[in-house]
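The values are calculated or read from the model by the stated rules, or taken from the named source; none is laboratory data. Keep in mind it's a predicted model, so treat the numbers as computed, not measured. Every residue, glycine among them, receives a Cβ derived from its backbone with ideal geometry; neighbour counts consider all protein chains shown. We work out accessible area using only protein heavy atoms, side chains counted, and drop any ligands, DNA or RNA first. Shrake-Rupley method; radii C 1.70, N 1.55, O 1.52, S 1.80 Å.
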Amino acid sequence: MSDGAGLVQFLTAITELAQGKEVTAPSVSPVWQMELLSARHPPRIICLHHEYEQVLDTSNDDANSTPIQKPFFFGLKEIRAIRNHLPPHASASTFEVLTACLWRCRTHALALDPNYTVRVSCIVNSRSLLGLIVPHRYYGNVFTYPVAVSKAGKVCYFPLEYTVELVKMVKPQMTAEYFRSVADLMVIKGRPLYTVVGNFIVFDVRRLGLDTVDFGWGKPVYGGLARVFPVVSFYMNVKDGIVVPICLPEPAMERFEEE
């Protein structure tokens, strides 16, 4: 019903009531104009959407093991250590460097065939896209999963800069036209699930405001997701760094920790 940004708007509205303010309605009233993001007439898919490809799973048997979840912390020291694997001229954000590193370690851990196709999808908040009309108070979903694709062997054994450059290419794909193409794809293909096989989906929620919601008791010690899913991880704020929960089959988790 809502994405992360919509959830924060909802929680903020609740905090105004919880703090005892003399209000009869939230200061920012919700907007539900979902028709603004409906498919076109007629719908037409005009972009490539690797994130919705239906793929046959030919990976190893680890997937049949019970998945476990563990959090991993990245402070300035850890991010600096990852950057040291890049050439001096390389320019990349913390998100790009961290995503490239995790994608690489995760692919190693899953022990995939070098020719196996892997993906990394970055959930992108599309509310501010030029050409996409989304009211400031809109509560609904306004995100998509643009993706980078490579062979597992390249992700694992090419220099880290290769994977960073792939990650850097993900967000620029996101345009209003791409978003409209996704909406049309949902209609034409019957709302398919995002690709699960060989995919790693990351969502950076550090700037959504989940860690600043105040119900009257002060800012939270922690604000973020309570759990993670086998193919989806979130980047969340903790003191002096970022925490990323990872969910993998137990044998793969052991290899991931080593990586």
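Please find the FRET efficiency linking K21 to A90, where r is the Cβ-Cβ separation and R0 is fixed at 41 Å, and quote it to the nearest 0.05. Let's see the in-between values first.
Working: r = 49 Å, r/R0 = 1.19.
About 0.25, to the nearest 0.05.
Each principal axis of the Cα cloud of region 75-140 was taken in turn, and the coordinate range along them, longest first, works out to 43, 30, 22 Å.
Only four residue types carry charge here, +1 at the Cβ of Lys and Arg and -1 at the Cβ of Asp and Glu. Report the dipole size of region 108-259 about the Cα centre in Debye, rounded to the nearest 20.
640
Just read off the accessible area of R255 with the full protein assembly in place, 1.4 Å probe, to the nearest 10 Å². Number for this one is 80 Å².
For the chain, compute the orientation-averaged projected area of the C-alpha convex hull (one quarter of its surface), in nm². Could the numbers behind the result be given before it?
Working: hull surface 62.9 nm².
The directionally averaged projection comes out at 15.7 nm².
Per-residue Karplus couplings for region 141-149, computed as 6.51 cos²θ - 1.76 cosθ + 1.60 with θ equal to phi - 60°, are listed in order as 6, 9, 9, 9, 10, x, 9, 10, 10 Hz, Gly and Pro entered as x.
Please give the peptides 88-100, 19-31, 209-221 ranked by average Cβ packing (other Cβ atoms within 10 Å per residue), highest first, as a rough proxy for protection. Walk me through the intermediate numbers first.
Values: 88-100: 16.9, 19-31: 10.8, 209-221: 12.8.
Per-residue mean Cβ counts within 10 Å order the peptides as 88-100, 209-221, 19-31.
With the biggest extent put first, the Cα atoms of region 38-152 measure 45, 37, 30 Å across the principal axes.
Spatially, region 207-259 and region 82-123 are offset by 18 Å when compared through their Cα centroids. Compute the acute angle (0 to 90°) between the alpha-carbon long axis of helix 176-188 and the principal axis of greatest extent of the alpha-carbon atoms of the chain; round to the nearest 10°. Approximately 90 degrees, to the nearest ten. Expressed as an acute angle from 0 to 90° and rounded to the nearest 10, what is the orientation of the C-alpha long axis of helix 94-109 relative to the principal long axis of the chain? Approximately 50 degrees, to the nearest ten. With contacts taken as Cα pairs under 8 Å and at least 6 residues apart, region 113-177 reaches a relative contact order of 45 percent.
For region 1-95, what does the alpha-carbon gyration tensor say about shape, rounded, prolate or oblate, given a ≥ b ≥ c as the root eigenvalues, a/c under 1.5 as rounded, and a/b over b/c as prolate? Note, shape of region 1-95 comes out oblate. Along the axis of the charge dipole computed for region 35-89 (Cβ charges of +1 for Lys and Arg, -1 for Asp and Glu, origin at the Cα centre), the listed residues I68, I45, P87 are led at the positive end by P87. Surface composition of the chain: carbon plus sulfur atoms hold 58% of the accessible area, using a 1.4 angstrom probe and ignoring ligands, DNA and RNA. Peptide packing: for 236-249, 109-122, the average count of neighbouring Cβ atoms within 10 Å per residue gives the ranking 109-122, 236-249, highest mean first. When DSSP beta bridges are limited to those with both residues in region 152-248, what percentage is antiparallel, rounded to the nearest 5? Of the beta bridges lying entirely in region 152-248, close to 50 percent run antiparallel.
How much length is gained on full extension from A226 to L76, taking 0.36 nm per residue of separation minus their Cα-Cα distance? Mind dumping the intermediate values first?
Details: separation 150, 0.36 × 150 = 54.00 nm, distance 2.39 nm.
Result: 51.6 nm gained on full extension.
Taking 21 Å as the straight-line reach from the Cα of K151, the lysines in range (excluding those fewer than 8 positions away in the same chain) are K168, K171.
Counting DSSP beta bridges in the chain, what percent are antiparallel, to the nearest 5?
On the way: 19 of 28 bridges.
Taking every DSSP beta bridge within the chain, about 70 percent pair in antiparallel fashion.
Amide H contacts under 5 Å for I201: S121, V232, S233, restricted to partners 5 or more places along the chain or on a different chain, H placed in the peptide plane at 1.01 Å from N.
Enter the accessible area per residue of the chain (Å², integer; probe 1.4 Å; all protein chains in place). Could you put the intermediate results ahead of the total?
On the way: 14100 Å² over 259 residues.
The answer is 54 Å² per residue.
Each residue of region 200-213 was assigned a 3J(HN,Hα) from its phi angle through the Karplus expression (A = 6.51, B = -1.76, C = 1.60, θ = phi - 60°), giving 10, 9, 10, 9, 8, 9, 5, 9, 6, x, 4, 8, 10, 5 Hz with x at Gly and Pro. With a ≥ b ≥ c taken as the square roots of the eigenvalues of the C-alpha gyration tensor of region 125-259, please select rounded if a/c is under 1.5 and otherwise prolate if a/b is larger than b/c or oblate if it is not? Judged from the Cα gyration tensor, region 125-259 comes out oblate (a/c at least 1.5, b/c at or above a/b).
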